Amino acid sequence: MLKLTVSSVVTLVLLFSLCVNANIKDSHTKLQNSRNGEWLDMSEKIWLNWTVNEVTKTITFELEAETLGWVGFGISPQGGMTGADIFIAGVLPNGDRYSSDRHATGTTDPIVDAHSDWELHDARETGNRTYLKFSRLIDTCDDQDYPIGMDTTRLIYAFGITDEIAYHTSARRGTKSVNLRGAPMPEVDFTKLKEHKMVLDMVMPPNDTSYWCSFHKGPALDKKHHIVAFDSHLPNLDALAHTHHFILYNCYGTATTPIEDIMGNYTVDKYLGDNCYLTYDEVNPKPVMWLKDYCEEYLYVWAKGGKPMVFPENVGYPIGYGDQEGKEVFYMLEIHYDNPDERTGVQFETGVSFFYTNETRPIDAGQLMVGHDVTPSITIPPNTDNFVTVGHCGAECTSKQFPEGGIKIFNALLHSHLSGRKLKLRHFRGQQELEWPDFDDHYDFNYQQNKHLNREVVVLPGDHLTYECTYSSVWKKGKVVIGDLSTEDEMCESFLWYYPKIETIEVCGSFYDVELSVADLGITNWTGVETSGSTRKVYIYEPIELAGDYEESLSTKFNWTQEIREEMERKRRYEDHVGICASRKIPGNPDFKVKYPTIATPYEPAETCRTAGGNGLQLGVAHIFMTIFVGTVHRFL
């Protein structure tokens, strides 16, 4: 039986549409055999495929572009020209191939490298398309090249209409974030699965930020099944542009009231839902205000740029068992609509599908949120780079909640908003820091993935996890950034898939106490105000010179000295937090304090290049040997 991933099914459809003759079909056959491939542009003019060999430490690219001119491809630190490692290649009218290894120091013509590390293996033109196959070492140890890490990589591309390498115009260039060295998506046979789709079709609210909750019926199952894959439903450009993220929640009834009696009249066929965070009205409460109280257990989180998620072959998420057996089940879909231009009258579908089977797998999976709770104690000073906020999953929680053999984390979604620059999940055991379960030193807000880890991370009872978020507020031009729900506000949360499933824990995190946070800033009299569509806002009364909205006052009235900035970060990062160790399904949270553990040995990633002084020595004999070896191997393939 042929097994296909969701992405490979899409790839097959897209690739066949490109076949214009036998030569191009041959190259497409090769591309279909790889599990890594993406369009680099929205117009579908450039397709890229890549294969990583972690043994030889090489990466091979196959690229098809809708042009008969030169094609440029690069690896960039931030998605622009500056610092980018660039490869340019093409085919001349007489059939001769050409290529060059270059680097860019700014938005000018890229400079030819002193040492060429890219190797062109094939170049062909057919119809109106150019096909290129080329490779390089993952890390060339060349200062003029950019190393390819395990985290997000920003690719840049450009192409010309002739073979004269000149300015390409904005219509023929772009950038794309990918994870070149990430673990491949597990395989699954979708022909053996059932799909359950939950969709909300409505006019997007005209507000900058809206969190909308709708309620959906699930399948009624007579025995235990397993969910083994999720996928988003975003069928057009409006849905892609305005759906920032969504969370799918499980809904549960009470011992006396079944969930079908609670939700029966409020599913999307009868009730489109409402803003999730309306101010509670005791006189005339809207249905969403009390319905969402029954739907607090995370099931699936999707964020902007996310791809389908498939579970490992021995793991599934259990449904239709225990109290749910033979009964109707219900879910809440919380959608974050991002509408910064406050467009009106824009209607589109946003939804999610899960794929499930009655052929249950040996292991039940669960999801755990690790990070900092969304509170105003996340406050990033204006015009500040490299400001770190942390959330701790402490030993006080893992020692009580985790099973004796621990849990195994196999997938992670690292989440932040527009100020996020670097994200890191750290793992401590005793006085030692272990290898980081996941990190992203090049975080892209528009490319947030449920990322399959290259290894299963075992977290034992008594271990400690810390999620670190490094922010920059420079983009906000003199304004502070606070913890809240808008994309211009901030969050610091990671969502981890693990097994075996624990029923009594879903959130293991912390927060810096809000009372201490405002006192640190010299605020002596304030109040928290509930506002529609948001968390608790802070309003300042005293000192009088800071009176007003917390965010506005700190942006326009506060004197941000360097000493205050540094002390503020130090306290929020290193002093006690209030610990969170709870399940949304089973309320209750122990009262404890948590902070970084005391360690003797911090973890440092291994250096791939050992400098011996100077670029020539840094390349070294090993690099030269590997280049020759890899080139020889490719010529025989």
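The values are calculated or read from the model by the stated rules, or taken from the named source; none is laboratory data. Being a predicted model, the structure only gives us computed values, none of them experimental. Using ideal geometry, Cβ is built from the backbone for each residue, glycine included, and neighbour counts are taken over all protein chains shown. Just the protein is used for accessible areas: all its heavy atoms, side chains included, with ligands, DNA and RNA removed. Shrake-Rupley method; radii C 1.70, N 1.55, O 1.52, S 1.80 Å.
The table below gives the values:
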quantity	calculated
Leading residue by the ranking (nearest to M491 (Cα to Cα)) among those in region 415-446 that are modelled with pLDDT of 95 or more, acidic (D, E) and open to solvent by less than 40 Å² (accessible area, probe 1.4 Å)	D440
Pairs, first within 24 Å of H336 (Cα to Cα) and open to solvent by 50 Å² or more (accessible area, probe 1.4 Å) in region 244-273, second at pLDDT 95 or above and aliphatic (A, V, I, L, M), C-beta under 8 Å, six or more apart	L272/L200; L272/M202
Residue count, region 291-308 (criterion: open to solvent by 20 Å² or more (accessible area, probe 1.4 Å), over 30 Å from R455 (Cα atoms) and either at pLDDT 90 or above or basic (K, R) (or both))	2
Count - residues of region 357-376 that are closer than 23 Å to H196 by Cα and of a type in the set (D, E)	2
Entirely in region 494-574, the strands (runs of 3 or more DSSP E) that have 2 or more residues that are open to solvent by 50 Å² or more (accessible area, probe 1.4 Å)	525-530, 536-542
Residue under evaluation D139, criteria (1) closer than 13 Å to V71 by Cα; (2) out of contact with any Leu (no Cβ under 8 Å at 6 or more places or on another chain), criterion not met	(1)
Residue check for G462: open to solvent by 10 Å² or more (accessible area, probe 1.4 Å), within 24 Å of Y596 (Cα to Cα) and not in a strand (DSSP E or B)	yes
Region 341-352 residues that are under 21 Å from L248 (Cβ atoms), paired with ones that are open to solvent by less than 100 Å² (accessible area, probe 1.4 Å) and among the acidic types (D, E) (beta carbon under 8 Å, 6 or more apart)	F348/D201; F348/D238; E349/D201; V352/D231
Qualifying residue in region 512-526 (condition: of a type in the set (S, T, N, Q), closer than 30 Å to H464 by Cα and within 27 Å of the chain's Cα centre (by Cα))	no
Listing of strands (runs of 3 or more DSSP E) fully contained in region 309-414 that carry 2 or more residues being open to solvent by 30 Å² or more (accessible area, probe 1.4 Å)	347-357
